[in-house]
Amino acid sequence: MLNGTVENIAKNSLLYTFVLSQPFAIYAGAYPILENKTLLEAEQIEYGDHGEAVRILQYKLNELAYYEDEVDGEMGLLTEHAVKKFQRDHNITITGQADKETIIALIEVDIDRHIKRLENLSDTVYPGLQGEDVEIIQESLQYFGYYEGEIDGIYGPLTKKAVEIAEEKHDIDFLDEAPRESLYAMYSSEREQTASANVQTASKSNVKSLSVQTNHSGIIQTAYAHVGTPYVWGGTAPGGFDCSGFLQYVHSAHGITIPRTVSEIWNYGSSVGTMSVGDIVFFETYKPGPSHAGIYLGNGQFIHASLDGVEVSSMDEPYWQQRYLGAKRIGN
């Protein structure tokens, strides 16, 4: 799932030739999206392994304060211990092996770390601006491989060029829209692709096939019970939800397992001509295709986890009306 994104990004980068010629010499932390791809392709890293994937694993664990030793590319006792600490803190079976579940969680936590810095980002940026806001933008664009200059907080020619490339690839506008929202969209897209890579490795038998009537009234009641819950990127629990995490949690409470990402739910559900209460409604927001979803309540309303938290919205609002893609039904 990540190959297309990585190739598009890498080909816009001065590092592209270097990466191809020396795939094991990428400086850890300088090109995170390629590092994520390396970890996902490794699938499992265990004691005694060595190489670039181990070095990236160590670097990410170090950035998250789980590993304090040398980043040397050797999966030894200290690295294994760091993996165990991470697994313990994130409710993953403690093995000391960086399996697919652990790698996915590590990437998502790393994305959260970057997103956290966006909270206080100014709504306006422009060429010539200097300061911490520009540093945050530079580091975010560096994450995706668009910016390769020094993190100096100066919105100069290199930053301007990186912004232009990102705008073209992601169909966003840093100047006319809040840069915070544009960067949120980019990180969200990366998170969805990472989660999607995980979903594709799971057996289809892990997704419950429904042949019984879905308890829509119970689902609606559960959804309403969480109105006001804050929005959290990657959130899947009552402490905070993202849109697909909210859908997954509410359905899970009634014994119904659905995929993790909006695009996977879209592909999993059955298309309907006329919406009914309990159907999932989909919208195209920050990227082409389904990228946001909620549960239809009837009377043109739906409940969803928006950036303002779990709330009820009207599908007649211009924003949602213009972005509506369709509805899908889970079960009968």
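Overview of results
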| read-out | value |
| --- | --- |
| Residues (touching a Gly at 6+ places or on another chain (Cβ under 6 Å), crowded, with 17+ Cβ neighbours inside 10 Å and not aromatic (F, W, Y)) located in segment 41-72 | V54, R55 |
| Residue check, G294 assigned to a strand (DSSP E or B) and surrounded by fewer than 19 Cβ atoms within 10 Å (Cβ to Cβ) | no |
| Residue list for segment 233-269, restricted to those being in contact with a Lys or Arg (Cβ under 8 Å, 6 or more places away or on another chain), farther than 24 Å from R117 by Cβ and without any contact (Cβ under 8 Å) to a residue 60 or more places away in the chain | Q248, G255, T257 |
| Residues that are in a loop (DSSP other than H, G, I, E, B) and closer than 22 Å to P238 by Cβ, drawn from segment 252-291 | A253, H254, G255, I256, T257, I258, P259, R260, T261, G278 |
| I111 being touching a residue at least 40 places away in the same chain (Cβ under 8 Å) and under 23 Å from A42 (Cα atoms) | yes |
| Residue identified as over 19 Å from the mean Cα position of the chain (by Cα), assigned by TED's automatic domain parsing to the domain that holds Y187 and within 21 Å of H170 (Cβ to Cβ) among S140, S122 | S122 |
| Tally, over segment 297-332, of residues that are surrounded by fewer than 20 Cβ atoms within 10 Å (Cβ to Cβ), touching a Ser or Thr at 6+ places or on another chain (Cβ under 8 Å) and in a loop (DSSP other than H, G, I, E, B) | 3 |
| Selection from segment 46-64 of residues that are within 22 Å of the chain's Cα centre (by Cα) and touching a residue at least 24 places away in the same chain (Cβ under 8 Å) | I56, L57, Q58, Y59, K60, L61, E63, L64 |
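Each row is one residue, and each column tells you yes or no for (1) part of a loop (DSSP other than H, G, I, E, B); (2) exposed (fewer than 15 other Cβ atoms within 10 Å of the Cβ).
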position	(1), (2)
I92	yes, no
I103	no, no
D110	no, no
R113	no, yes
S122	yes, no
Q138	no, no
D152	yes, yes
T159	no, no
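The values are calculated or read from the model by the stated rules, or taken from the named source; none is laboratory data. Quantities reported herein were computed from a predicted structural model and do not represent experimental measurements. Note that we place each Cβ from the backbone using ideal geometry, even for glycine, and neighbour counts take in every protein chain shown.
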